[in-house]
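Visitor: Have a look at this one.
The values are calculated or read from the model by the stated rules, or taken from the named source; none is laboratory data. Computed from a prediction, not measured in an experiment: that's the story for all the values here. In this analysis, Cβ positions are derived from the backbone assuming ideal geometry, glycine residues included, and neighbour counts consider all displayed protein chains.
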């Protein structure tokens, strides 16, 4: 941390791929990342060309547009998450969106994007989101119907009415207690572990 | 239903988090704002071209229902949403967002209502020149547009 405690990002060695559905938005987004100090920026207006680039080289961040015709931006994210022959299956992906009704947010989440950001994309909005992405610690999930970061941001267990599909999913029903109860300090230690001293 | 495969993975962006060097948020935002400023005029030109496209599509919709024109107007409105707020035209962007919301609701309900579209186009014209109107007037216009758009259930 700096002296003021502000978080710092060094993106000078990051490689970023940008896909937008028109030149003006692509230019704005490109300038934002230039301002952030990114030197390696690949910019695309066409999904096909972006997809070829994704197959060839790893990117530290992909920013795609959900406003492309026929949901092509969402489909692009889904394909990146599913393609075996690409080095970006696990890459951080931001989707940016203009008109963002709940259906768009859900579609973005289900496509496998890490996050959706509402336009207009100002430097402050994008820096906040990139900082958030850099701290991302969610696990990756691959199932028949989904590939991407864990859609459960908080551990509330499996969806209501289901047993869950993960080996560490627990039943919502709590069994009878066995063994002694945990003391409050035991519980506190589980939530806020501290290094032992002495 | 098969089991999901859940695993930890390396976050490539994590290495950009540093304690020394790089940029703080305020430094990054300052340099990025300066960089974005370089595309101000071309973007304002593009906003005006997009608004003209919206008004021309409006002429088709004045004549009656036209799903293709409505789709094109939605796409154009979305471009204004993306561009306007970056260069001090946030209220214009909000009016464009309201237009997109209206179109989305008209499409879902398979209705056509030219008056509702027309009042949005009037709002866009007014908010393209925000300095010619008081903040209270601009906010009242936006509130009216939102009310119109959300009146379609």
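Visitor: Among the numbered criteria (1) over 25 Å from residue B:85 (Cβ atoms); (2) within 12 Å of another protein chain (Cβ to nearest Cβ); (3) surrounded by fewer than 19 Cβ atoms within 10 Å (Cβ to Cβ), which single criterion is violated by residue A:103?
Guide: (1)
Visitor: Then there's this: Select from segment A:109-153 the residues that are facing chain B (nearest Cβ under 7 Å) and assigned to a strand (DSSP E or B) and list them in ascending order.
Guide: Answer for segment A:109-153, where residues must be facing chain B (nearest Cβ under 7 Å) and assigned to a strand (DSSP E or B): A:140, A:141, A:142.
Visitor: Whether any residue in segment B:103-117 is closer than 30 Å to residue B:36 by Cβ, without any contact (Cβ under 8 Å) to a residue 12 or more places away in the chain and in contact with a helix residue (DSSP H, G or I) (Cβ under 9 Å, 6 or more places away or on another chain) is what I want to check. Let's see the steps before the verdict.
Guide: Keep residues of segment B:103-117 that are closer than 30 Å to residue B:36 by Cβ, which gives B:103-104.
Right, trim to without any contact (Cβ under 8 Å) to a residue 12 or more places away in the chain and you get none.
Scanning segment B:103-117 turns up no residue that is closer than 30 Å to residue B:36 by Cβ, without any contact (Cβ under 8 Å) to a residue 12 or more places away in the chain and in contact with a helix residue (DSSP H, G or I) (Cβ under 9 Å, 6 or more places away or on another chain).
Visitor: Touching a strand residue (DSSP E or B) at 6+ places or on another chain (Cβ under 6 Å) and either touching a residue at least 24 places away in the same chain (Cβ under 8 Å) or surrounded by fewer than 17 Cβ atoms within 10 Å (Cβ to Cβ) (or both): is that true of residue A:129 in this structure?
Guide: Judged against the criteria, residue A:129 is a match.
Visitor: Right, another one. Tell me yes or no: at least one residue of segment B:77-89 is surrounded by 15 or more Cβ atoms within 10 Å (Cβ to Cβ), within 23 Å of residue B:103 (Cα to Cα) and more than 13 Å from the chain's Cα centre (by Cα).
Guide: No: segment B:77-89 contains no residue that is surrounded by 15 or more Cβ atoms within 10 Å (Cβ to Cβ), within 23 Å of residue B:103 (Cα to Cα) and more than 13 Å from the chain's Cα centre (by Cα).
Visitor: Of these, B:88, B:153, which one is on the phi > 0 side of the Ramachandran plot and at pLDDT below 95?
Guide: Result: B:88 is the single residue among B:88, B:153 that is on the phi > 0 side of the Ramachandran plot and at pLDDT below 95.
Visitor: Please enumerate the residues belonging to segment B:58-82 that are farther than 20 Å from residue A:70 by Cα and in a helix (DSSP H, G or I).
Guide: Residues satisfying the conditions are B:58, B:59, B:60, B:61, B:62.
Visitor: Considering only segment B:17-30, I want to know if a residue exists there that is within 7 Å of chain A (Cβ to nearest Cβ), in contact with a strand residue (DSSP E or B) (Cβ under 8 Å, 6 or more places away or on another chain), closer than 26 Å to residue B:89 by Cβ and surrounded by 18 or more Cβ atoms within 10 Å (Cβ to Cβ).
Guide: yes
Visitor: Could you tell me whether any residue of segment B:34-55 is touching a strand residue (DSSP E or B) at 6+ places or on another chain (Cβ under 8 Å), surrounded by 17 or more Cβ atoms within 10 Å (Cβ to Cβ), at the interface with another protein chain (Cβ under 7 Å from one of its Cβ atoms) and not in a helix (DSSP H, G or I)? First the steps, then the outcome.
Guide: Restricting attention to segment B:34-55, the residues satisfying the condition of being touching a strand residue (DSSP E or B) at 6+ places or on another chain (Cβ under 8 Å) are none.
Scanning segment B:34-55, I find no residue that is touching a strand residue (DSSP E or B) at 6+ places or on another chain (Cβ under 8 Å), surrounded by 17 or more Cβ atoms within 10 Å (Cβ to Cβ), at the interface with another protein chain (Cβ under 7 Å from one of its Cβ atoms) and not in a helix (DSSP H, G or I), so the answer is no.
Visitor: State the number of residues belonging to segment B:74-86 that are farther than 18 Å from residue B:112 by Cα and facing another protein chain (nearest Cβ under 9 Å).
Guide: Let us first name the residues in segment B:74-86 that are farther than 18 Å from residue B:112 by Cα, namely B:76, B:78-86.
Among the residues that remain, those that are also facing another protein chain (nearest Cβ under 9 Å) are: B:78-86.
Total meeting the criteria: 9.
Visitor: Return yes or no: is residue A:94 under 24 Å from residue B:81 (Cα atoms) and under 13 Å from the mean Cα position of the chain (by Cα)?
Guide: In short, yes.
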